[in-house]
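This report concerns only the one structure given below.
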Amino acid sequence: MKNLLSIFKNSFKTPDVRSKLLFTAVIFVVFRIFAHIPVPGVNVAQLKALFAQNQFLGLLDIFSGGTLANFSVMALGLNPYINASIILQLLTMVFPKLEELSKEGETGRQKINQYTRMLTVPLAALQAIGMYALLRSQGIIKLLPSVELVAFIVTVSAGTILLMWFGELITERGIGNGISLLIFAGIVGRLPVVFGQTVSTINAENIVNILIFAVMGLIVISAIVVINEATRQITVYYAKRVRGNKIYGGQSTHLPLRLNQAGVIPIIFAVSLVLMPSLIANYLSASSNEALRNVATTVAMWFNPTGILYNGLYFFLVVGFTYFYTAVIFSPKKIADEIQKYGGFIPGIRPGIPTASYLNYILTRITLVGAIFLGVIAILPTVVQSFTNIQNLILGGTGILIVVSVVLETIKAIEAQLVMRNYDAYSR
């Protein structure tokens, strides 16, 4: 705690870091203001009642930070952008040209980001149409003429594009990953409402269950911190090299491999996909075709947030995305080439391809631990809820994981900024 306070104290003493933190805070404030600007024509009171009765919709609302229950201009949140990112990353593995583009460094990443933004627009429009169909079927929004319907779709889609822009501004001019921080801000902004709903249900019968849930929450937070900070240290030796009258190398260092290389991204990706069947089922439930309504009812029953199929799929998606994203951000071959380039080697392992194979073997094993941990945390609230019968905290594990992970990553980003500024001052 003392070290954490010291980091924030030093960050506000450093002008550049302070300006980045203030810029991020301003974006948060603007985001929360937009989150309370409702789209015209929506019966907000009736919408909130619907979300309170429907567990699936309540789940979506908590994850969106309350923008969905208010049906603000940012009602769709970042879900279209996240889906676009998933599609582009999957296409990168299929199409060689996109794979080559991803290996071109910063220029390639900028082009892929541009493609992601372009794909986000039609996805946002499609989700806006689906959301209108759902609200129309529930009588929450009236039948809109063509011009007003187009305005509705454009408004909601523009909210997602604006939110995506906010995230990129934070990444570029603020501290940390902007998209993760906005999701973090949404969850934290929703916590007072969830806490109030939980407090209102406290009675003599469930107070013990709530205390048990609170203790388990503290244990989960501790476990998340331990797993996020855990690393496997790979010893690397550098051979001595003589150039003129000077000797270079001859020392040893360590290559840290984190148990959870992917951070919070697998959870975000998995939530976006696992909610999709239920979302489609809700759209189809208002269809005039009886066969489609029956299919929608069956899908909604199978993918109930407390059901076995939903949680099993959620678990395996988290594990799969952990491996997938780790493979995207960490290349054993590239690391092995860098080690060999500077005359380094791992004891007992030959440089080059054998080193890459060894790193891949170690990474696969430790990632399995991190992936299973993320999967367990993701479905833990459902298991606990079945024993404690606390409905309002169904997204607790995912929310806690995102909040804690983002806080840790942001602290590390602040530390990196402080170290860089101190190094620059020292070098001058």
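The values are calculated or read from the model by the stated rules, or taken from the named source; none is laboratory data. As the structure is a prediction and not an experimental result, all values here were calculated from the model. Virtual Cβ from ideal backbone geometry, glycine too; neighbours counted across all protein chains shown. Ligands, DNA and RNA are stripped out before the accessible areas are found, and what is left, the full protein with its side chains, is counted by its heavy atoms. Shrake-Rupley method; radii C 1.70, N 1.55, O 1.52, S 1.80 Å.
Sort the following peptides by mean Cβ neighbour count (other Cβ atoms within 10 Å, averaged over residues), highest first: 155-166, 117-128.
Details: 155-166: 20.0, 117-128: 18.3.
Answer by packing, highest mean first, reads 155-166, 117-128.
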Solvent-accessible surface (1.4 angstrom probe) belonging to THR367, in square angstrom, nearest 10:
0 Å²
Subtracting the Cα-Cα distance of LEU162 and ILE212 from 0.36 nm times their residue separation yields 14.0 nm
Kindly state, to the nearest 0.05, the FRET efficiency for GLU172 paired with TYR238, given R0 = 41 Å and r defined as their beta-carbon distance.
0.70
Which of the pairs LYS20/LYS334; LYS334/LYS412; LYS341/LYS412; LYS111/LYS333 have their Cα atoms more than 26 Å apart in this structure?
LYS20/LYS334; LYS341/LYS412
Ranking PHE345, PHE71, PHE316 from most to least accessible area with a 1.4 Å probe gives PHE316, PHE345, PHE71
Surrounding net charge for VAL369, when Lys and Arg each add one and Asp and Glu each subtract one, Cβ distance under 13 Å
+3
Just to make sure I understand: if all protein chains stay in place, what is the order of SER6, SER11 by accessible area at 1.4 Å, largest first?
SER6, SER11
FRET E, pair TYR361, PHE316, Förster distance 30 Å, beta-carbon r, rounded to 0.05:
0.85
Give me the net charge for the shell around VAL26: Cβ to Cβ below 12 angstrom, other residues only, Lys and Arg +1, Asp and Glu -1.
+3
Sequence of SER137, SER180 from largest to smallest accessible area, 1.4 Å probe
SER137, SER180
Treat each spin label as a single point 7 Å out from the Cα along the C-beta direction, and report the GLU229 to VAL328 distance in nm.
2.8 nm
Can you tell me the FRET efficiency between ILE353 and THR155 if r is taken as the Cβ-Cβ distance and R0 is 51 Å, rounded to the nearest 0.05?
0.40
Can you tell me how much longer the chain between SER137 and VAL376 gets when fully stretched, taken as 0.36 nm per residue apart minus their C-alpha distance, in nm with one decimal?
82.5 nm
Given 0.36 nm per residue, what is the gain on full extension from HIS36 to ALA291 after removing their alpha carbon distance, in nm?
88.0 nm
Area accessible to solvent at ASP16, 1.4 Å probe radius, in Å²:
80 Å²
